Amino acid sequence: MPVVSIREALNQAMDEEMARDERVFLMGEEVAQYNGAYKVSQGLLTKFGPKRIIDTPIAEAGFSGIGIGAAMVGLRPIVEFMTWNFSLVAFDQIVNNAAKMLSMSGGNFNVPIVFRGPGGAAHSLAATHSQALESLYAHFPGLKVVMPSNPRDAKGLLKTAIRDNNPVVFIESEMMYGEKGEIPEGEYTIPFGVGEVIKEGTDVTIVSWSRILQHIAVKAVGRLAEEGISVELIDPRTIKPMDWELIFNSVKKTNRLVIVEEGWPFSGVGAQISHEVNNHCFDYLDAPVERVTQEDVPLPYAHNLEIASLPNIQKVIRAVRKVMYLDS
Amino acid sequence: MNNILPLTKSVTTNLLGIAPKILLKWYDEMLLIRRFEEKCAQLYGMGKIGGFCHLYNGQEAIAAGSVGAITSDDYVITAYRDHGLAISKGVDPRRILAELLGKHTGTTKGKGGSMHLFDREKNFLGGHAIVGGHIPIGTGAAFASKYRGEKRVCLCFMGDGATNIGEFHESLNLAALWKLPVIYIIENNKYGMGTSVDRASAVDDLHKKAAAYNMRSAVIEDGHDVLKVYQTVKAAVDHARTTYEPSLLEVQTFRYRGHSMSDPIHGHYRTKEEVENQRKLDPLTVCARILKEAHLAADEYFESAEARIKTVVEECVQFTESSPEPLLEELYSDVYAD
């Protein structure tokens, strides 16, 4: 199987879908001549030309809304945000227009559009440039939220997103574009709402996604294995729709759950998962559900404060030991 | 401003080459909008229409003249004062009224209400309730037209208040930069709710905002004159069809009612005299004069038009009252497309 980076996987997905469907186009800041701020659209301008690979001015509300209008009348835009932080300038467009259009128009107009770009913290970018916004967008009916954690999923899920007839919030990780992995040969897609068991285990279930899954949870699971603790690690891959059955079945087996996410604790995705598990697996739980999140503060610049705020391996190990009643 | 402005000779004699039956259609359409809105006011007062309800009384010439300058393939999008434009774009008025009363037979099956009328078949893109939020969408419809190599244009209507928000400026910049066939039409009724234009905008002549984007613009001072509206919009539409270039048009107009049905007709922000003076420039009266002076219609015509339109509005009410409420299962429909 070919080994590619997440950057290349996303590029392949857009390339293939644009070749497949004339209605698909890409617009955003620096996507064309500059080849993408993170080089995700590298080479696409040369291949598809300026009609379909479109540099925009810095006007997120304007070009997001243009994408929504174009989608309403039959095109299938991919709108790239240089980072998801800047989507907040287009919040009205995504929330009031893209998410609600189908319902509000009584089924007259659907909005097949993909909003994509990197999310989450990088290094020392401080409060406005380090946000994990998946819980925010998952809150709104009408949106789907996708967060791939590896090249195979990035390609397969982005192709599905482009073919979806709804607005899709597709959040990549700024820190993972260069990370490599195997992808299947040839054409494939990955359906939404189907999570994956990354590693089977028997003692505790951990649910995590995107960068925190790969950089924190996977490593914590390795350390815990050295202590003789067997963790079942689940990547839901899409936040909305969520693969509830996969999580419930795992919790029914392990009887313990820790959710590890980059976002803030209040109204976070983990809060929703915890609620659903409490409702559906109450009799199976041997301990209250634990969460590892970012601290409830705007992310500071200074390196020591930044790492103190974000989830880390030690925090995950502590949470797992807590649900196993291993610490007094 | 106290008298009806004399019509220019050229307008009354050649009528811009518009067929008499079209002029009569516009008159009927404006009369339908007026009587429809009056019925809405009555039903709102009776508590049958809920929420916010923004009436179009006084602005009818803009809907008839503008939509009269495009074809059924072209797109129309507007803000929340949308009943009149929907009627002009051919949306079934029975379904509009049914929507206002939250019925299953409404334009959006009771999901949208007064501020969110939509009709895909008629290329009516809404009905939008966040000021300025729809302007990028209208720009996007024009983008799609050019992308596909079509000749369709989009008429993107907005109130004067929308010209101060960011989405207006981002849209104008992008439409001018990319040459998109969209005609932005400001319905300047002089007040954004209770705030007059001069208290909200650093530029009183709103069409001049186009200059910042190197965009063509024009002002229609006689927004009560359906012919003048048509003439200017048609020129902008023709230009957009041949060059893909956008325009910004400002139509000076006046709403007779309050901002919405929740507001008084004049309130503290405008005087009774101002409203009464403006009513002398009534779109229906002006159109009737044009028709009479051109010998296209006499008093009998206007009497029969009243009777015909009265019947249409009664049919709207009957249709609505006999329509069912939405099924409760509909609560979960149309949230996601298949």
message = For a quick check: with amide H placed at 1.01 Å from N, whose amide H comes under 5 Å from A:LYS240's, ignoring anything fewer than 5 positions away on the same chain?
response = A:VAL145
message = For A:GLN314, project a label point 7 Å along Cα to C-beta. Then give me every residue of the range A:265-303 with its amide nitrogen under 18 Å of that point.
response = A:292-296, A:300, A:302-303
request  = Set the Förster radius R0 to 45 Å, insert the Cβ-Cβ distance between B:ASP263 and A:GLU276 as r into 1/(1 + (r/R0)^6), and round the FRET efficiency to 0.05.
outcome  = 0.50
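Roughly speaking, what is the stretch gain from A:MET175 to A:PHE91, that is 0.36 nm per residue apart minus the C-alpha to C-alpha distance, in nm to one decimal?
Details: separation 84, 0.36 × 84 = 30.24 nm, distance 2.38 nm.
This chain segment gains 27.9 nm when fully extended.
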task = Starting from the Cα of A:GLN33, step 7 Å along the direction of its Cβ; do the same at A:GLU196; then give the gap between the two resulting points in nm.
result = 3.9
note = Here the equivalent ellipsoid of the protein assembly as shown, derived from its Cα gyration tensor, has semi-axes (largest first, whole Å) of 54, 26, 21
note = From the cross-link list B:LYS228/B:LYS292; B:LYS89/B:LYS209; B:LYS39/B:LYS109; B:LYS190/B:LYS228; A:LYS159/B:LYS109; B:LYS190/B:LYS280, the entries with a Cα-Cα span beyond 22 Å are B:LYS89/B:LYS209; A:LYS159/B:LYS109
message = What FRET efficiency comes out for B:GLU330 versus B:LEU24 if R0 is 41 angstrom and r is the Cβ-Cβ distance? Round to the nearest 0.05.
response = 0.55
ask   = Among B:CYS156, B:CYS316, which comes first, second and so on when ranked by fewest other beta-carbon atoms within 10 Å?
value = B:CYS316, B:CYS156
key: chain B: radius of gyration over Cα atoms, expressed as a fraction of 2.2 N^0.38 Å   = 0.96
The range A:1-96 shape via C-alpha gyration tensor axes, a/c threshold 1.5 = prolate
remark   = Out of B:SER262, B:GLN252, B:LEU227 - ranked by how far each Cα lies towards the positive end of the dipole of the range B:196-288, with unit charges on the beta-carbon of charged residues - the top one is B:SER262
note = Within the under-14-Å Cβ sphere about B:HIS266, not counting B:HIS266, Lys/Arg +1 and Asp/Glu -1 give a net charge of +2
ask   = Length gain on complete extension for the stretch B:GLU274 to B:THR195, per 0.36 nm per residue less the alpha carbon to alpha carbon distance?
value = 26.9 nm
ask   = Over the Cα atoms of the range A:3-182, how large are the radius of gyration and the largest Cα-Cα distance (Dmax), in Å?
value = 15.0, 45
request  = For the range A:41-97, just say rounded, prolate or oblate: build the C-alpha gyration tensor, square-root its eigenvalues into a ≥ b ≥ c, call rounded for a/c under 1.5, and beyond that prolate if a/b exceeds b/c, oblate if not.
outcome  = oblate
query = Could you work out the helix-only [θ] at 222 nm for chain A, with each DSSP H run of four or more residues adding -39,500 (n - 2.57) and the total divided by the number of residues, to the nearest 500 deg cm²/dmol?
reply = -9500 deg cm²/dmol
inquiry  = Expected output is a single nm value to one decimal: the length gained when fully extending between A:GLU22 and A:TYR284, i.e. 0.36 nm times separation in residues minus the C-alpha distance. What is it?
reply    = 89.3 nm
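In what order do B:LEU327, B:LEU97, B:LEU284 fall by count of nearby beta-carbon atoms within 10 Å, going from fewest to most?
So the residues, fewest neighbours to most, are B:LEU327, B:LEU284, B:LEU97.
Coordinate-derived values only; no laboratory data. Given the structure is predicted, the values throughout are model-derived calculations rather than measurements. Every residue, glycine as well, gets a Cβ built from its backbone with ideal geometry; the counts of neighbours run over all protein chains shown.
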